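A short reminder: the numbers here are calculations on the coordinates, not readings from a lab. On a predicted model such as this, the values are computed, not experimentally measured, just so you know. Methodologically, a virtual Cβ is constructed for each residue, glycine included, from the backbone with ideal geometry; neighbour enumeration extends over all protein chains shown.
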Amino acid sequence: MRALALALAAVIAAALLLPAFYVTLMINVGLASLVGVGLVLLTGIGGQTSFGQAAFAGIGAYTTALLTLSFGWSPWLTLPVALALAGVAALLIGVVTMRLSGHYLALATIAWGTSAYVLMGTLPGLGGFNGLVDVPALPGLRGASRMMLVFVGVLVLAALVLVGNLLDSRQGRAIRALATGRLMAESMGVNTGLVSLGIFVIAALFAGLSGWLYAHVQGVVNPSPFNLGAGIEYLFMVIIGGAGSLAGAVFGAGVVLVLRDQLNDWLPRLLGQPGNFEGMVFAAAVILALQNMPQGLVPLLLRRRRLVETRIDVNAPALPSREGAGAALKVSGVTRRFGGLLANDAVSFTAQAGAITALIGPNGAGKSTMFNLIGGLLAPNSGEISLGGVRIDGLPSRRVARAGVARNFQHVRLLAERSVLENVALGAHRRGRAGMISAMLRLDRAEERALLAEASRQVARVGLSELLHSPAGDLALGQQRMVEIARALCLDPVLLLLDEPAAGLRLAEKQQLAGLLRSLRASGITVLLVEHDMDFVMGLADHVVVMEYGRVISAGSPSVVQADPKVMDAYLGGVVA
Amino acid sequence: MTALLEVTGLRAGYGRAEVLHGIELMVAEGEIATLIGPNGAGKTTTLQAIMRLIPSQGNVRFQGVDVGGLSTEELVARGLALVPETRALFTDMRVEENLLLGFYRSFRQGARDQDARLAQVFAIFPRLQERRRQLAGTLSGGERQMLALGRALMGRPALLMLDEPSLGLAPLIVRDIFAVLDRLRKGGLSILLVEQNARAALALADHGMVLEMGAVVATGASAALSADPRVLETYLGQRHG
Amino acid sequence: MDVTIAELLLQDGLTTGAIYLLLAIGLLLVFLVTRVIFIPQGDFVAYGALTLASMLAGHVPATLWLLDVCAVASALLQWRSWRGVSWALGPALLITLATLVAVRLGAWVWLQGALAVGITALLAPMVYRLAFRPLRHASLLTLLVVAMAVHFVMVGLGLVLFGPETQRTPAFSNASFTWGEVDISGHSLWVAGCCVVLVAALWWMFHATMLGRALRASASNPMGARLMGIEGDRMAAIAFAMAGGIAALAGLLIAPITPIAYDSGFLIGLKGFIAAVIGGLASYPVAAVAALVVGVVEAFASFWNSAYAAAIVFALLIPALLWLSVRTRSIEEP
């Protein structure tokens, strides 16, 4: 709050004291920052890239220019239309690429940026490449006036606050998972395609707003500031400033625009050629920045802030939870091939409701494949998998998660930079419903308190309360495994899938884990675990299923399985005569 | 008996977690040495560290020369070959092309006897000859292991390192492959065999090393190790059970 | 539109389509071996054409000096290794001498063309060495942004080196044949011939030579390739050089049809790039067919309404992306 007031004061002071030339420059920095804030959200945090943000700005600018000039609308009335059109354009591009990996969106925005520029220059009524002139000013805010700088400043601050709010929410946790943890987030029930579509649209809306403002600041609209090159320069600004933090959007815009002004003067003289050489300089700066300081300028200008310690409200109301206890998992006749490899060959077994079942077998026996089939990362070639009588085979992992299956990962998948609390809270994603808009407007606080309280309860359950606010990457491997289990428990699961949960744990930690699993069993959760630590398995499981060469070779209580000579051979190998 | 490969104080890990805490191991000229240990002990990491597929610290001497600073490709050029756990086949290429790629290093060093080497590999694994025109991705598990092994042999390595060649394979196929390893040793090839399948590995090898929690905890002649009750315990965990 | 016009448009479309096909192959090669989406490939098209134009005008092409500067820079970057230095400097030195002699003597056009292709091709691995290699472990998206930045740098340098004028280079043949009702230009036949020969040569190289197999191997399984002793850096440099050379050749093929300026390459490159994306950034045959379709669609669209032609061509991406989305089952990890 204090930072906000200070920033506002700085904007007003700048508007009052700066010479006119700099007022114009600062307005332009503000306009670019609006686009940049969206790009930080999309690129630096969401791990996707757009080269076509300028085209969205163009939609905003042309919409308001056309409606005010040809139809006599008030500029204020055109804003919703401008935003809606930019949003719809982004929606269409995003929908086509949302299921594909990130670079396809970037590639599609290249095509979009190029086509939009052509269309702006050729569609009838838009004035061709000369564009539209005499766009009316905003009432009371003449062109590049001092009042306009205050207005733009307020909008930039508002954008920073809105996106900051968004990142500090249920949806924000999902957004942060996009860059490095999509597969994990899907297994927590997050529809990552939809989340990435959401931030792409939000980024386009900020660009549209910037374009709308631009039209009224300049009074003139033509295609060239909205071409692909301009879109790429917005991205360069954000990278130079630092795509990982919201401040980077403003720093980048400031540094680039101020420098551009200088370079514009003396580069052509230096090179003995008229032309726009600034782009080349910034591009070279981007290459060097990505090679040498991927965090951009921000770390040079700001001290790295520690993670904010979110306060936990212990009295927050509990989240809605599932009715009834665990259900049985039934695997029948499941076969899965990889090319000529038969990884699972007609595997059948049952994990009883409210019991601990262990799936064991030597390396390469097909256990991981079975796990991924149950978890929805793979679909079987034939056979059925059902949970409580409902078929789940072939469903994508987020739908399997919604059916009540929670899992951990053999190679821990945590967001290393984020706190334990945030990582765990991602598991509760499906138990909240607040959307991106309510998160931006802080209408989600009651639910957010409940989510975080639930997350901290699960962290306490695995015994890591004192590390609640530490970055997950700083924890020891054993602790990270416990964090993953807490995250899975946040899903309020019917079935808990654990892939080698004891690997890398010390003896005391293993005993603690065994105790935790026993208490889960007592609360009725079905547990299926793959584990190599035989002490751990034999002392804990109610039922053991042994796999080898993709088949089940033995099943029964731990003592029965341990006495089975086939199992002994499977582990130590038959003696080669 | 001269040491072909000598590793001392090898440390490596992933990210911040150290997995190997100073491994000591040795392979002598013309022998099969085996590195056994339960899952998660660090066997695969050891091979990756020796082969410089992951960054590592420590001393690695090969054929009496310190090779610590060399890249994977340079180690291959000096005659070290690794058949990884994943086999790392070129699945969208033909069997024969996979084998010929095993010849890449020798080719760059001037050798042109690829046909003779192909014939040798086909003599060892007639199945590969039958399937030479098939894509590697269509092979069964056993055939993939044969191809990975054959591909490594195409480069005539001085030391062949195998990461769990028995992984996921039926006993009959494992027996065939181990018989091939035995024949290769008789032909003078040195082998470092990393296995979870301890009985089979110790039955084949001349000397063995037991890895547990990222350190070699026992080493000796394989017959002696087979009889050592500690080895069994590492696997089936009956110490506390 | 009557049949003759349609046949004429088809001929034009297939001719440019064949050029896009070459570019799509170069893009795929670079992407599969290095994960770099080679946006600046279009700039290599322009550099190739403008280098030849400048040589034919009797000048020493400015790209030659750029090549020498880049060669010295990348030699400095690997000064520890004698082999690295000689690989960086040797070819650059040879082609510099050859070009100086050829320009002084006003050698045959085809020889100058070959030198222009050579200079441009050698520039490409330098770009890899200076811009992409330091980031070889970075994400695909980072590499894409760097590729875009390299394109910006190359356009800026292009203006400095070649000036703003557009240039034409001579057609490979000025002959013209009549086939039924249609006139077929000799240059079109040259384009088709170059395309067929190059595709055949590449096919032979990929399937019958050790180097070609090694390139495919590093695309198929990078770890497996390293374990065969295949040096990733060398493969990447070769892939870049091949793509740069292909692009320069495309430049010589296209410059007699459309005049080329320092900044014309990008849009040409994008067409090849659309074809590669339609091929899922994985399939050479699909990309090749898509490139011909792009060429033909562009020719007809320009005839129908030249203003919208670019937008219509890009619209081809939409069904392709939808098809790829439908085929994708699970979320891809970036």
Extend 7 Å from the Cα of C:Ser86 along its Cα-to-C-beta direction; within segment B:86-110, residues with backbone N under 18 Å of that point are B:108-110
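What are the membrane-span-like helices in chain C by this rule: whole DSSP H runs, Cα extent along the axis at least 18 Å, mean Kyte-Doolittle hydropathy at least 1.0? Provide the component values of the computation, followed by the final result.
Details: long enough: C:3-34 (45 Å, 1.88); C:41-56 (23 Å, 0.94); C:62-77 (23 Å, 1.95); C:82-105 (34 Å, 1.32); C:109-127 (27 Å, 1.78); C:140-162 (32 Å, 2.61); C:186-208 (32 Å, 1.50); C:232-254 (32 Å, 1.58); C:265-278 (20 Å, 2.10); C:284-304 (30 Å, 1.76).
The answer, listed by residue number, is C:3-34, C:62-77, C:82-105, C:109-127, C:140-162, C:186-208, C:232-254, C:265-278, C:284-304.
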Taking amide H positions as placed 1.01 Å from N in the peptide plane, with prolines and chain starts having none, which residues 5 or more places from B:Val83, or on another chain, fall under 5 Å of its amide H? B:Met161, B:Leu162, B:Asp163
Folded to 0 to 90 degrees: helix A:170-180 orientation relative to chain A principal axis, Cα: 80
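In what sequence do C:Phe177, A:Phe56, C:Phe206 fall when counting other Cβ within 10 Å, fewest first? Mind showing how you got there, number by number?
Working: C:Phe177 11, A:Phe56 37, C:Phe206 17.
In increasing order of surrounding Cβ atoms, one gets C:Phe177, C:Phe206, A:Phe56.
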Quick one: Karplus J couplings for segment A:107-122, per residue in order, coefficients 6.51, -1.76, 1.60, θ = phi - 60°, nearest Hz, x for Gly and Pro? 5, 5, 6, 5, 4, 4, x, 5, 5, 4, 4, 4, 5, 4, x, 10
For segment A:65-78, just list the computed ³J(HN,Hα) in residue order, Karplus coefficients 6.51, -1.76 and 1.60, θ = phi - 60°, integers in Hz, with x standing in for Gly and Pro. 4, 5, 5, 6, 6, 8, 10, x, 5, 6, x, 5, 6, 6
Which log10 I(q)/I(0) values, to two decimals, does segment A:413-491 give at q = 0.21, 0.22, 0.26, 0.27 Å⁻¹ under the Debye formula with one point per Cα? -0.85, -0.92, -1.15, -1.21
With +1 on each Lys and Arg Cβ and -1 on each Asp and Glu Cβ, how big is the dipole of chain A about its Cα centre, in debye rounded to the nearest 20? 600
Excluding A:Gly435 itself, calculate the net charge of residues whose Cβ lies under 10 Å from the Cβ of A:Gly435, where each Lys or Arg counts +1 and each Asp or Glu counts -1. +1
Please find the FRET efficiency linking B:Thr8 to A:Leu477, where r is the Cβ-Cβ separation and R0 is fixed at 22 Å, and quote it to the nearest 0.05. 0.30
How far is helix A:445-461 tilted, in degrees, relative to the longest principal axis of the Cα atoms in chain A, given as a value from 0 to 90 rounded to the nearest 10? 40
Measure nothing but the geometry: give the 0 to 90° angle between the long axis through the Cα atoms of B:114-124 and the longest principal axis through the Cα atoms of chain B, rounded to 10°. 60
The size of the Cβ-based charge dipole (Lys, Arg +1; Asp, Glu -1) of segment C:223-334 about the Cα centre, to the nearest 20 debye, is 200
Out of all DSSP beta bridges in chain A, what portion is antiparallel? Express it as a percent rounded to 5. 60
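Just to confirm a number: summing +1 for Lys and Arg and -1 for Asp and Glu over residues other than B:Met26 whose beta-carbon lies under 12 angstrom from that of B:Met26, what do you get?
Numbers: positive: B:Arg61; negative: B:Glu6, B:Glu24, B:Glu29, B:Glu31, B:Asp206.
Within the 12 Å Cβ shell, the charges total -4.
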Over all Cα pairs of the protein assembly as shown, the Kirkwood radius sets Rh, and Rg/Rh then becomes 0.99
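In segment C:73-120, what trypsin sites (Lys or Arg not before Pro) fall in a loop by DSSP, with at most 15 other Cβ atoms inside 10 Å?
Values: sites: C:Arg80, C:Arg83, C:Arg104; in loops: C:Arg80.
Qualifying residues, ordered by number: C:Arg80.
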Where does each of B:Glu143, A:Glu422 land when they are ranked from fewest to most other beta-carbon atoms within 10 angstrom? B:Glu143, A:Glu422
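Quote the charge dipole size of the protein assembly as shown about the Cα centre in Debye, to the nearest 20; the model charges only the Cβ of Lys and Arg (+1) and of Asp and Glu (-1).
Numbers: 84 positive and 72 negative charges, 245 e Å.
Roughly 1180 debye for the protein assembly as shown.
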If amide hydrogens are placed 1.01 Å from N in the peptide plane, which non-local residues have theirs closer than 5 Å to the one on A:Arg407? A:Leu497
Per the Kirkwood formula over distinct C-alpha pairs, the hydrodynamic radius of segment C:141-255 in angstrom is 17.6
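Among residues other than C:Ile19 whose Cβ falls under 12 Å from its Cβ, what is the net charge (Lys/Arg +1, Asp/Glu -1)?
Values: positive: C:Lys271; negative: C:Asp12, C:Glu298.
Summing Lys and Arg as +1 and Asp and Glu as -1 gives -1.
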Per-residue Cβ contact counts at 10 Å, fewest first, order C:Lys271, A:Lys330, B:Lys186 as B:Lys186, A:Lys330, C:Lys271
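Find, to one decimal place in angstroms, the Kirkwood hydrodynamic radius of chain C, where the mean of 1/r is taken over every pair of different Cα atoms and then inverted.
Values: mean 1/r = 0.0487 Å⁻¹.
Roughly 20.5 Å, rounded to one decimal.
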Rh by Kirkwood over Cα pairs, then Stokes-Einstein D for chain A at 0.692 mPa s and 37 °C, µm²/s: 124
Kindly state, to the nearest 0.05, the FRET efficiency for A:Lys566 paired with A:Val88, given R0 = 56 Å and r defined as their beta-carbon distance. 0.35
Cβ-Cβ FRET estimate between C:Trp108 and C:Met223, R0 fixed at 51 Å, reported to 0.05: 0.60
Add -39500 (n - 2.57) for each DSSP H run of 4 or more in the protein assembly as shown, then divide by its residues: what number comes out at 222 nm, to the nearest 500 deg cm²/dmol? -18500 deg cm²/dmol
